[in-house]
Amino acid sequence: MALAVDGLLSHEQVAGYAELGYLQLDSFISQDWLDRLRSASAEFVEQSRSLDKSTQALDLEPSHTPEAPRLRRLTSPFLHHETFREFTLEGPPAQLAQALLGGPARFHHSKLNYKWADGGEEIKWHQDIQFWPHTDFTPLTIGVYLEDVDDAMGPMGVMPRSHKGPLYDMYSDDGAWAGSMNDNDIASLDLEAMAWLMGPAGSTTVHNCCMIHGSVPNHSPRPRPLLLQTYSALDSYPVSGIGANGMANRTGNIIVGGSATQQLTIDGRAMHGAPDWSAGGTPTIFGSQHSKT
Ligand SMILES: O=C(O)CCC(=O)C(=O)O
């Protein structure tokens, strides 16, 4: 069943997102949702007390201890807690994605970046699309601050209009994947133009997959939990064999607000692709062509 998306955003907001590549919506999430999300998040902080090293789900800072937990990230929260699943696949971010993408959306992945107090790490300038290329540039990430965030807490910064610019190489000189832009490319940016996205708890950000963005360390005494979830248009598909797409195809690739059509457009040419055979095995062309005779 299609989710209700009408009236969620004004035409100006949708046009602003297209032009600038980002949106900021102050206090967009209700108190009820915030209470539920914080309570779910607190369960993982408690769980982390029994860990002395990171797991697939929980990424811990090196100085983490049971007495003083320091979490970097909860990976794929939607897989680990019903509240996160409902929020991401049926709640406000799923509706917002549909409002911006003009219909049902394809969920890709989610994460909860904690950026802990007193030194939570910086996230260097980067673009997302190189981490998980798609067949178009519709993917967008919706971030929800679970606490009030001010400029001492390492809010996310985005470079307006950079989603229309170059796609940077994020490998280092020795050929290793760096996951961030190199110093020469960063030197070419006007960092003064960066928009810092902050606001009261429940404030929500949207950034396009080609946007240059990142965040500075959190030197405040308060953690800065930011719940991020990525969606693309229904007819946009993750390209296999690159970056996070293999993992995301196993756990994400879930359609919100509609069902699969197998329509896609590559290099301007539209087609109706075959069904997804990943679960049940691939039929041969003989089976497909002669099964009805
Ligand atoms: O947490 C942040 O400030 C930015 C998050 C981000 O860009 C990422 O995790 O890819």
Show the residue pairs meeting these rules: Cβ distance below 9 Å; 6+ apart or different chains; first residue within segment 133-150 and closer than 10 Å to ALA201 by Cα and away from the ligand (no atom under 15 Å from the Cβ); second residue small (Gly, Ala, Ser) and part of a loop (DSSP other than H, G, I, E, B). ASP148/ALA201; ASP148/SER203
For segment 19-53: of the residues being charged (D, E, K, R) and part of a helix (DSSP H, G or I), which is farthest from ALA94 (Cα to Cα)? GLU46
Under 7 Å between Cβ atoms, at least 6 apart or on separate chains: pull out the pairs that start in segment 87-115 with a residue that is outside any helix (DSSP H, G or I) and end on any residue that is among the hydroxyl-bearing types (Ser, Thr, Tyr) and away from the ligand (no atom under 16 Å from the Cβ). ARG106/SER236
Of the conditions (1) more than 30 Å from ALA279 (Cα to Cα); (2) modelled with pLDDT of 95 or more; (3) more than 12 Å from the ligand (Cβ to nearest atom), SER215 clears all except one; give me its number. (3)
When segment 177-218 is checked residue by residue, the ones that are farther than 17 Å from GLN130 by Cβ, aliphatic (A, V, I, L, M) and over 19 Å from the mean Cα position of the chain (by Cα) are ALA187, LEU191, ALA193, MET194
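Test TYR231 against the criterion of being in contact (Cβ under 8 Å) with a residue 12 or more places away in the chain and in contact with a helix residue (DSSP H, G or I) (Cβ under 7 Å, 6 or more places away or on another chain), and give yes or no. Spell out how you get there, then give the answer.
On the way: in contact (Cβ under 8 Å) with a residue 12 or more places away in the chain: yes; in contact with a helix residue (DSSP H, G or I) (Cβ under 7 Å, 6 or more places away or on another chain): yes.
The answer is yes for TYR231.
Condition check ((1) surrounded by fewer than 20 Cβ atoms within 10 Å (Cβ to Cβ); (2) touching a strand residue (DSSP E or B) at 6+ places or on another chain (Cβ under 8 Å)) across all residues:
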{"residue": "LEU71", "(1), (2)": "no, yes"}
{"residue": "HIS80", "(1), (2)": "yes, yes"}
{"residue": "GLY91", "(1), (2)": "no, no"}
{"residue": "GLY103", "(1), (2)": "yes, yes"}
{"residue": "HIS108", "(1), (2)": "no, yes"}
{"residue": "TRP125", "(1), (2)": "no, yes"}
{"residue": "ILE129", "(1), (2)": "yes, no"}
{"residue": "PHE137", "(1), (2)": "yes, yes"}
{"residue": "ILE142", "(1), (2)": "no, yes"}
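Checking the conditions here, which among ALA105, ALA68, ALA117, ALA97 is among the aliphatic types (A, V, I, L, M) and within 16 Å of the ligand (Cβ to nearest atom)?
Working: ALA105 fails: within 16 Å of the ligand (Cβ to nearest atom); ALA68 fails: within 16 Å of the ligand (Cβ to nearest atom); ALA97 fails: within 16 Å of the ligand (Cβ to nearest atom).
Unique residue meeting the criteria: ALA117.
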All but one of (1) within 23 Å of PRO139 (Cα to Cα); (2) more than 11 Å from the ligand (Cβ to nearest atom) hold for GLY179, so report the exception by its number. (2)
Out of (1) within 15 Å of the ligand (Cβ to nearest atom); (2) under 17 Å from the mean Cα position of the chain (by Cα); (3) within 29 Å of PRO69 (Cα to Cα); (4) not in a strand (DSSP E or B), the odd one out for LEU227 is which? (4)
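The values are calculated or read from the model by the stated rules, or taken from the named source; none is laboratory data. The shown structure was predicted, so the numbers you read here are calculated from the model rather than taken from an experiment. In this analysis, Cβ positions are derived from the backbone assuming ideal geometry, glycine residues included, and neighbour counts consider all displayed protein chains.
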